[in-house]
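Below: one structure, written as structure tokens.
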Amino acid sequence: MLVTESALIRGTTHNFRGRSEHNLDGKGRLNIPTRFREVLRRQYKDSRLMVFPWLNCLKAYPMARWEELELNLLNTGKKQPETVKMVRYMVGGVVECPLDKQGRILLPAKMRTDSGIAKEILVSGMISYFEIWDKATWEVDNQPSAEDFRTFELNLLESGLF
């Protein structure tokens, strides 16, 4: 079942929202937050996640959203040949990570190393996917300043959301 942006806007879907902190176990497994597992179960009826590295974090997409993204990348690549390098990185680097019976996924060691992910993790919902961060990196990269909040407010006002 593919979820479109218009369905997200109409509020007819369950979305990935909120942040939570977790610890990787000794094997590199991450316990996915219960509310995120519920989104996978109710909305996507599939517990497989497609995970790929992106700068300082990992992005985790439900299989259906990932397949939709791949189609969009394919179509964009036909129109914009310069996107081939990005497609190669994303599609070549993605790993299917199914949830186990305890609701965990195994994050491959190389993927963790490349993204600077150690033991303390922050998982952050991004509506149609979620991000997996090393907690310390998230705190440095994502702590908004007063100036950021002024920009946020301007963007929300201009969008008619405030």
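The values are calculated or read from the model by the stated rules, or taken from the named source; none is laboratory data. Only a predicted model underlies this, so the values are computations on that prediction, with no experimental measurement involved. A quick note on method: Cβ atoms are made from the backbone with ideal geometry, for glycine too, and the neighbour counts reach across all protein chains shown.
Things worth noting here:
- Lone qualifier among ARG48, ARG104 - being among the charged types (D, E, K, R), in contact with a helix residue (DSSP H, G or I) (Cβ under 7 Å, 6 or more places away or on another chain) and touching a residue at least 40 places away in the same chain (Cβ under 8 Å): ARG48
- Hey, ARG42 more than 21 Å from SER115 (Cα to Cα) and basic (Lys, Arg) or not: yes
- Among the residues making up the stretch 25-49, those that are at pLDDT 95 or above, under 17 Å from the mean Cα position of the chain (by Cα) and not in a helix (DSSP H, G or I) are ARG29, LEU30, ASN31, ILE32, PRO33, ARG48, LEU49.
- PHE152 meets the conditions (1) in contact (Cβ under 8 Å) with a residue 40 or more places away in the chain; (2) surrounded by 12 or more Cβ atoms within 10 Å (Cβ to Cβ) in every case but one. The failed one is (1).
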